[in-house]
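What follows is one structure encoded as structure tokens, with my remarks underneath.
Where a number appears in this text, it was derived from the coordinates with a stated rule and is not lab data. Remember, it's a predicted structure, so these values are computed and weren't measured experimentally. Glycine also receives a Cβ, built like all others from the backbone with ideal geometry; neighbour counts cover every protein chain displayed.
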Amino acid sequence: MSFLEGAGLELGIGIAVGMLAGTTGTHGSARGRMTLLAAAIGLIVGFLLSGSADLSGPLGALFGLLGAVVGCVVVSDVVSGAGRREGGSGALGFLVSLAALIVVALALLLPVLTLLIVVALVWLGAARHRRAQRKHAGLRVLR
């Protein structure tokens, strides 16, 4: 297994852990605590799987941690926003859990494609942040 494949495997598993933690849809300080929990789990899982990914222990742990943090922050933001609009996020949590299983399958079968998932998550998070900034800028004009 090459370095890129090993990194993709570790990132994919970390992202799936973060996505599962993000299905709670928390915001504020609760999101921070949930992100820390996902980061700790991603760190441990990344360290434990580093041997099968042909990476050193600390490097595997770092990739697992980064994937878990990115996955948790972006997914919890999406689930929280959907919960505010639609009232319930149970079905969305189920769909995100299925997506996390797909991410794990991709990480195991085609680990290089995990990098596309990372890019998609970063793009989604940045787009949501820009949209929120425009919304708040418009509200400031109304004062």
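Sort 45-52, 57-64, 70-77, 97-104 by packing, meaning the average of other beta carbons within 10 Å per residue, with the highest value first.
Result, highest mean Cβ count within 10 Å first: 70-77, 57-64, 45-52, 97-104.
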**OP:** Would you mind calculating the relative contact order of the chain from Cα pairs under 8 angstrom and at least 6 residues apart, reporting the percent as a whole number?
**Re:** 34
Subject >> Cα-based helix-to-principal-axis angle, 3-22 vs the chain, degrees rounded to 10 >> reply: 40
